[in-house]
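The values are calculated or read from the model by the stated rules, or taken from the named source; none is laboratory data. These numbers were taken from a predicted model, which means no experiment stands behind them. So basically every Cβ, Gly included, is an ideal-geometry build from the backbone, and we count neighbours across all protein chains shown.
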Amino acid sequence: MAEAQVPKDDQKIKDALAEKALGNDAYQKKEFDKAIEHYDKAMELNPDEMSFLTNRSAVKFEMNDLDGAIADCEEAIKQNKERGLHTDFKIIARAHARIGNAYVKKGELSNAIGAYENSLLEAHDDKVYTSLRETKKRKVEEEERAYMDPEKSQDERKAGNEFFKIGKYPEAIQKYTEAIRRNPDDPAPYSNRAAAYMKLGEFPFALRDCEKCLELDPKYTKAYSRKGSIHFFMKEYHKSLEAYKTALEMDPNNRDLRMDYQRVMATIQQTANSDEVDEEQVKKAMADPEIQKILSDPGVTQVLKEMSEKPEYAQKALEDPVSLRSISPQHSVHLSSHQPAYVQCSFRDQTAASVQVMADKIKKLIAAGVVRVASR
């Protein structure tokens, strides 16, 4: 009986797949010219199979023929659409993704993003999604770098200063923001913008800018001064005191800083002696991690217990000049037998340094409004 004949078209398809397999093998061996020859033969035998084109594009990509790789993928996408070939959507998705990879390598990030998005429309792939996200991020970073110009940044900052002088604070903020975009490593516009935010009562934004300014330049005295003012207006007097103290350590002869520091001290004394409790201030202070840490100290707990039994100890903490001197930046620290009585009562056997640390903790609680002083 005669052997059945394989239809001519079916035989071509089988031969085309055999050529594809040979091309894949050559590709794995990095014999790229040979791989292309086999994929070309496969396409001649079966021009309806788009994977031959996309495989050839992979070879061209490895050979750094990026335009050739893009052209092959685009041809596969075009043929599938125009001829209604119903190619597996994963193959078409892969073609779009390879176009994206080629554009990334060429540095054409906008085209790459479009290709990755088209790929994900065909089929979701985690790797393609990651490539899209990373390419978008890289594009933003490159645009920001291209936008940077220190000279234009200074021009924008000066324009912001002019708006600030005439009380146009939103306009000043816009200019300072533009100055930051032009030169994000310059601390000055952050400090300027903080001042404008303060004028609008936007203290959290102002504080954020002060902290960024100090991150860039830890010795930027004006930022510490503004930070002190912000904390003062937010009734965070313990933080205000710290900021002014740091500023005065840098600029001890600054009269305005001294006056601001004294204003905070006076406010702390007034608040501590007041019969009215500022619930908002106390609530905010109790949420402060630093205050929480102090309150969790067993030594502090013992001192507070004794202060509740003898409230006059808290008053002495505010009135004792040696005690106040220990947190005043314009004087050096002097330890003596005149430490606050509430500290001595629990720490007679402790070192002078330990006593001072405890004194500072209690004073911080008083400044934060957590510890009250009995009325006289």
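So here's what we get for this one:
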| read-out | value |
| --- | --- |
| Where residue 247 falls short, out of the listed (1) crowded, with 24+ Cβ neighbours inside 10 Å; (2) touching a Leu at 6+ places or on another chain (Cβ under 7 Å); (3) in contact (Cβ under 8 Å) with a residue 40 or more places away in the chain | (3) |
| Subset of segment 209-224 (residues that are in contact with a helix residue (DSSP H, G or I) (Cβ under 8 Å, 6 or more places away or on another chain) and either surrounded by fewer than 24 Cβ atoms within 10 Å (Cβ to Cβ) or not in a helix (DSSP H, G or I) (or both)) | 211, 212, 214, 216, 217, 219, 220, 221, 222 |
| Filtered residues of segment 130-172 (kept if more than 14 Å from residue 186 (Cβ to Cβ), charged (D, E, K, R) and within 24 Å of the chain's Cα centre (by Cα)) | 133, 134, 136, 137, 138, 139, 141, 142, 143, 144, 145 |
| Residues of segment 88-127 satisfying the condition of being under 18 Å from residue 51 (Cα atoms) and in contact (Cβ under 8 Å) with a residue 40 or more places away in the chain | 91, 92, 94, 95, 98, 101, 102 |
| From the options 14, 81, 30, 34, residue that is surrounded by fewer than 17 Cβ atoms within 10 Å (Cβ to Cβ) and either in contact with a helix residue (DSSP H, G or I) (Cβ under 6 Å, 6 or more places away or on another chain) or not assigned by TED's automatic domain parsing to the domain that holds residue 139 (or both) | 34 |
| Test result for residue 278, over 29 Å from the mean Cα position of the chain (by Cα) and at pLDDT 90 or above | no |
